[in-house]
Amino acid sequence: MDGRNQLCKFVPAGGQTYKVVDDFFINFGYKFVTVPQSTATPISQSSLQSSSLALAIAGMKCAGCVATVEKRLLTCVGVKAASVNLLTEKATVIYNAENTAQELAPQLIEAIAKAGFSAEFISKDDRKNTRNSLSPNSAKNSWFGLSQEIAIPALLVILAIVGHLGLIGVADLPLIGNMYAHWVVSTVALGWIGRPIWWDGLKSLWYRAPNMNSLVGLGTVSAYLASSIALFVPQLNWQCFFEEPVMLLGFVLLGQALLERAKGKASNAIRALMELQPASARLLVSSTDGDLQVPMPVEELQVGDRIVVWAGEKIPVDGEIIAGSSSVDESMLTGESVPVTKQLGARVTGATLNLTGAITVQVLQTGSETTLARIVSLVESAQASKAPIQYLADRVAGYFAYSVMAIAALTFLIWYGLIHAEIVFSLRLAIAVLVVACPCALGLATPTAIMVGTGIGAEKGILIKGGASLEKIDQLSAVVFDKTGTLTTGKPEVTDVVTNDLIVFGRQLIEQTTFKSLVEEREVPKSALRILQLAASAEVGANHILGAATIAKAEELSIELLPTQSSQIVAGCGVKAMLTTGETILVGNGAWLQEQQVEISSEMLERSHNLAEFGKTPIFIAVDSQLVGIIAMRDRLKPEAHEVVRQIEAMGLQVWMLTGDRQETANAIANQLGIPSERAIAEVKPDGKADAVMKLLAEGQRVAMIGDGVNDAPALASATVGIALSSGTDVAMETADIVLMRHDISDIVPAIQLSRATFSKIRQNLFWAFAYNTLAIPIAAGILYPSFGISLNPTIAGLAMAFSSVSVVLSSLSLRSRRK
């Protein structure tokens, strides 16, 4: 897996092939495909093992810096891939498992240092904000109510304007209008205020990694030197323009200050999440005088500790209520403001707000294992990721500074050498080319949009796992729902029992018991009770929702279950159990029972078809290969399901449904939802969901799969985009591209809308960044001057460059204006 855009083949043991989906590697430009077992090249187990580490990097200014750092990291021994994020100032490195992070980190830090940047290793257990520790301190003294980072550049701009009032017909002020005074101001501005810029640019040139500061430094120093020569060697008849490097520095510094503030707003979401957890807890400690409440830092709590949370306080960590009851505001987790009642034994989540009563909580998870920590980690990973479209900008940025310097040199040579323009005029055009170029906008186009978009999602309980997920969502053509537990409540109920053991005049008569039609005084027929007893006894231990429904109905009717000797579960088919009496019970679908040599009469088949047409699931029961009846169940649709389907189709996406039910049942449910019957894929076994998704992909669809269970994980991984409901299993949530924290399918619509809006903003930002540089550089080079007499002053060029960077961030922040 060396290099970019290579074809990677992953074939597990056992012959079956899987499509491997890993956003992190997709972010690096790798492609994942399934290949036949016969064509796969054997790969050693050790070669597939890898780990990751994170570094905080200070000093990066533009996309060119990102490209340089990534190149340096990839040259280190043991590094497989590296991704650097300009906005978060962090690098994620994938390395061989035989290395350790502690061994590799010094080598990586040294490589980054050789590129002119400083770095710090981020331990997985270290939750501090390393970005703040490496970045310059923004809490500086204020001047006249403004921070120094704003006041100093503003003063430079004012001085440059006041010093040249004569140019607009206003009398020059004494001393300030003197050219030697201009030289003093310009010297102080470059030698003190602007020193970090040109010094950083000089270092970048020395390390052969020129960046934005290199271009600005070359421009300001060139203007300063040319003006100084004009001042001290007047016989050359050159024009002094000291105001331009001063004003240029002012605009650049002002732009950087505004950019940092805008970037800070973009990262507000992650900071807000990290600040949700309280700093301390009341630990309950036993003593001779009874239980005492002792203040304890949250990071020192351990699993099993007991803590007390009073009304109005935040719950420090994840746990279980062992005393008391209360209402809890879980809006930080789900985005839902309605309080949730919590009784004895209920699970509570750290950072949620206890509203009404004091509760005692036993700690179940601490540190990085808490729900809040996992959400923060997921959002951090998402914000540190890149959309694949960003790699085009990164490749361009890698050569950007060299190209701009070459264009600036060519501009000077053409105007001075070929067109024979004045040397100062030619030099000013070259300087304008240097300072108008903006690689920073290229580097910020994607990460700012991702940071704002994922932050908005986190506030709404929608966790989006990075830029690659956003890009894939934008390309969707179909949405596939797993029916059970997603479109339905996941709590089926027994509705009917059909028996055929009554014989009259030599013929079997079918008797159907529909529970909702029974009046209280009417007894349930013994034949129906017997069917429920047999099915429920066989289903004990099957751990299936249909079996659970049968057992629940048996308990409701006070039916005593029969002891079993053995039980065998056949996935997607049914259950085979042997009673202690020696009888063998089969409970499952009709096709499976027929495979087990159970004869099903045409009358019973017709009755099962009728039940299925009403959206019910018929389950056949046989004893010793003789059919004894059918149990029908219905899993009710969620109230919001129909509207969600309608809204998704209104977005131009096809809606498909997967279900293990027979086709008649699937068609009935699909009809209730407004889904065409041809998009209701029926009789899908749990291990066949991924195959169904892969079939749609093979037909050219770009599919989002929505599910929550363990058996949904392969399908979530196989789909273009996987969307998991948070009440599902950890493996489903880990596999998915989007996690809905509220377990509410209504959130699918805003999740897709937010993802589309975010990726649209990424494309808009990149278009602006490319368009700006494509237009601004030729104009700065004087392409309009021969025909229209228009040339770009270096000061205006600097202002345009600063504005382009800030505008990209402000454009991303505008995503917040679309929130409902």
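The values are calculated or read from the model by the stated rules, or taken from the named source; none is laboratory data. Fair warning: this is a prediction, and the values are worked out from it, not measured in the lab. In this analysis, Cβ positions are derived from the backbone assuming ideal geometry, glycine residues included, and neighbour counts consider all displayed protein chains. Areas reflect the complete protein model, heavy atoms only, side chains present, ligands, DNA and RNA absent. Shrake-Rupley method; radii C 1.70, N 1.55, O 1.52, S 1.80 Å.
At a 1.4 Å probe radius, which order do Ile315, Ile559, Ile545 fall into by accessible area, largest first?
Result of the area sort, largest leading: Ile545, Ile559, Ile315.
Give the long-range amide H neighbours of Val317: residues separated by 5 or more places, or on another chain, with amide H under 5 Å away, using H modelled in the peptide plane at 1.01 Å from N.
When sequence neighbours closer than 5 places are left aside, the close amide H contacts are Ala351.
At a Förster radius of 41 Å, what calculated FRET efficiency corresponds to the Cβ-Cβ distance of Leu355 and Arg756, to the nearest 0.05? Intermediate values should be presented prior to the final figure.
Numbers: r = 36 Å, r/R0 = 0.87.
Between Leu355 and Arg756 the formula returns 0.70.
If R0 is 60 Å, what FRET efficiency do you get for Leu74 and Tyr180 from their C-beta distance, rounded to 0.05?
With R0 = 60 Å, the Cβ-Cβ based efficiency is 0.70.
Can you compute the modelled spin-label distance between Ala650 and Lys685, with each label point 7 Å from Cα toward Cβ, in nm?
Using points 7 Å along Cα→Cβ, the separation is 4.0 nm.
Please calculate the 1.4 Å probe accessible area of Lys90, with all protein chains present, and give it to the nearest 10 Å².
50 Å²
Could you state how much accessible area His743 has, in square angstrom rounded to the nearest 10, with a 1.4 Å probe and all protein chains kept in place?
For His743, solvent-accessible area is about 50 Å².
Can you work out ³J(HN,Hα) from phi for every residue in region 532-547, in order, using Karplus 6.51 cos²θ - 1.76 cosθ + 1.60 and θ = phi - 60°, giving whole Hz and x for Gly and Pro?
Whole-Hz 3J(HN,Hα) from phi for region 532-547: 5, 5, 5, 5, 5, 5, 5, 7, 4, x, 6, 6, 10, 5, 5, x.
Starting from the coordinates of the alpha-carbon atoms of region 281-320, obtain the Kirkwood hydrodynamic radius over all distinct pairs and give the value in Å to one decimal.
Every distinct Cα pair counted, the radius reaches 10.8 Å.
Hey, what's the per residue convex hull volume over the C-alpha atoms of region 516-630, in cubic angstrom?
Residue-normalised Cα hull volume stands at 112 Å³.
In what sequence, largest accessible area first, do Phe770, Phe400, Phe803 appear using a 1.4 Å probe?
Phe803, Phe770, Phe400
Return the distance in nm (one decimal) between the two label points of a simple spin-label model at Arg763 and Ala58, each offset 7 Å from Cα along Cα→Cβ.
Label-label distance for Arg763 and Ala58, simple model: 4.0 nm.
For Ser558, what accessible surface area do you get with a 1.4 Å probe? Give it in Å², rounded to 10.
100 Å²
For region 771-813, count the residues as N, evaluate 2.2 N^0.38 Å, and divide the Cα radius of gyration by that value, please.
Its radius of gyration relative to the 2.2 N^0.38 Å reference: 1.32.
Determine the shape class of region 580-654: with a ≥ b ≥ c the square roots of the Cα gyration tensor eigenvalues, call it rounded for a/c under 1.5, and otherwise prolate if a/b is greater than b/c, oblate otherwise.
Prolate, because a/c is 1.5 or more and a/b exceeds b/c.
What ³J(HN,Hα) values, in whole Hz, does the Karplus curve 6.51 cos²θ - 1.76 cosθ + 1.60 give for region 59-72 when θ = phi - 60°, with x put for Gly and Pro?
x, 6, 10, 8, 5, x, 5, 4, 4, 5, 4, 4, 4, 5
Go through region 448-455 residue by residue and turn each phi into a ³J(HN,Hα) via Karplus (6.51, -1.76, 1.60, θ = phi - 60°); whole Hz please, and just put x for glycine and proline.
Result, ordered by residue: 5, 5, 5, 5, 5, x, 5, x Hz.
If amide hydrogens are placed 1.01 Å from N in the peptide plane, which non-local residues have theirs closer than 5 Å to the one on Lys80?
Ile94, Tyr95, Asn96
For Lys491, enumerate residues with amide H under 5 Å from its amide H, sequence gap 5+ or separate chain, H modeled in the peptide plane.
Excluding prolines and chain starts, which carry no amide H, the hits are Arg636.
As a quick test, which of the pairs Lys638/Lys695; Lys203/Lys761; Lys90/Lys342; Lys114/Lys460; Lys638/Lys689; Lys526/Lys638 have an alpha carbon distance above 31 angstrom in this structure?
Pairs exceeding the cut-off: Lys203/Lys761; Lys90/Lys342; Lys114/Lys460; Lys526/Lys638.
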